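Reading through the structure tokens given below for one structure.
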Amino acid sequence: MLRYVHQDDATSISEIYNHYILNSSATFEEDPVAPDEMRRRILETTKNYPWFVCEEDGRLIGYSYGRKWRERPAYRHSVEATVYLLPASVGKGRGTALFDVLLAELRNRQFRCVIGGVALPNPPSIALLEKFGLRQVALFKEVGYKFGRWIDVGYWQLLL
């Protein structure tokens, strides 16, 4: 089941996100995020951007949201899109469903540009973005350093 996020989802979202913080380079955060901090992020993000969650059997298994691309006012029509899933839920169509509902809401809110950033390599994330028509527009070499190695980041874009 897909639905809008609630503040009460912060603990489950933290658990999903913290897995990626501690075990992957999908995010460049390095310290786990406490539920109170995640609740703050949810409240801040949902003032202007959509945030969805996916539940199965009463358990939150993933989420997607849009957020501000850059600070300057002229960027206000562009949004960065993000999807995270429990590792056991990857490859089962849940990310596709979350991204689909997110894109529909971004269109409904009349955003112009959707941007997806991917720490490389990450074939599943690239496949998800490209399934929805996003195309790679940038590659930044060695812009992140995590787990003792330099990490490249690619950006994909879709004009709505």
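Points worth noting:
- Global geometry of segment 66-160, whether rounded, prolate or oblate, following the gyration tensor of its Cα atoms and the 1.5 cut on a/c: oblate
- Highest mobility in the GNM of the chain, judged by mean-square fluctuation with C-alpha springs under 10 Å and restricted to Trp51, Trp69, Trp150, is found for Trp150.
- Each Lys and Arg contributes +1 and each Asp and Glu -1, all at the Cβ; summed about the Cα centre of the chain, the dipole is approximately 700 debye.
- Paramagnetic label zone (point 7 Å from Cα along Cα-to-C-beta, Leu159; backbone N under 17 Å) in segment 83-111: 107, 110-111
- Using the rule -39500 (n - 2.57) for each DSSP H run of four or more residues, divided by the residues of the chain, the 222 nm mean residue ellipticity is -9500 deg cm²/dmol.
- Percent accessible area from carbon and sulfur atoms, the chain, protein chains only, probe 1.4 Å: 50
- Where the chain is the region considered: accessible area per residue in Å², 1.4 Å probe: 56
- Which labelled figure in (1) 2.11; (2) 0.93; (3) 1.06 is Rg/Rh (Cα atoms, Kirkwood Rh), once derived from the coordinates: (2)
- When you filter the GluC sites (Glu not before Pro) in segment 59-140 for DSSP loop state and at most 15 other Cβ atoms inside 10 Å of their Cβ, you are left with Glu71.
- Virtual spin-label span in nm between Lys131 and Asp36, 7 Å along Cα→Cβ: 3.8
- Gaussian network model of the chain, springs between alpha carbon atoms under 10 Å - residue of Ala97, Ala119, Ala81 with greatest fluctuation: Ala97
- Residues within the reach of a label modelled at Arg76 (point 7 angstrom out along Cα to beta-carbon, backbone nitrogen below 16 Å), restricted to segment 103-132, are 109-113.
- Point-charge dipole on Cβ atoms (K/R +1, D/E -1) for segment 94-160, about Cα centre, debye to 20: 60
- Top of Asp36, Asp100, Asp57 by mean-square fluctuation, Gaussian network on the chain, Cα under 10 Å: Asp57
- Val143/His19 FRET efficiency (R0 22 Å; Cβ-Cβ; nearest 0.05): 0.45
- Two-site label geometry, Asp152 and Lys68: point separation in nm, points 7 Å out along Cα→Cβ: 3.1
- Derived scalar couplings between HN and Hα for segment 106-111 equal 5, 4, 4, 8, 6, 6 Hz in order, rounded to whole Hz, by the Karplus curve 6.51 cos²θ - 1.76 cosθ + 1.60 (θ = phi - 60°), x for Gly and Pro.
- Inter-part distance where segment 18-54 and segment 112-160 are each reduced to a Cα centre, Å: 18
The values are calculated or read from the model by the stated rules, or taken from the named source; none is laboratory data. Note that this is a predicted model, so its numbers are computed, not measured. All Cβ positions, even for glycine, are placed from backbone atoms using ideal geometry, and neighbour counts span all protein chains on display. Heavy atoms of the whole protein, side chains included, go into the accessibility calculation; ligands, DNA and RNA do not. Shrake-Rupley method; radii C 1.70, N 1.55, O 1.52, S 1.80 Å.
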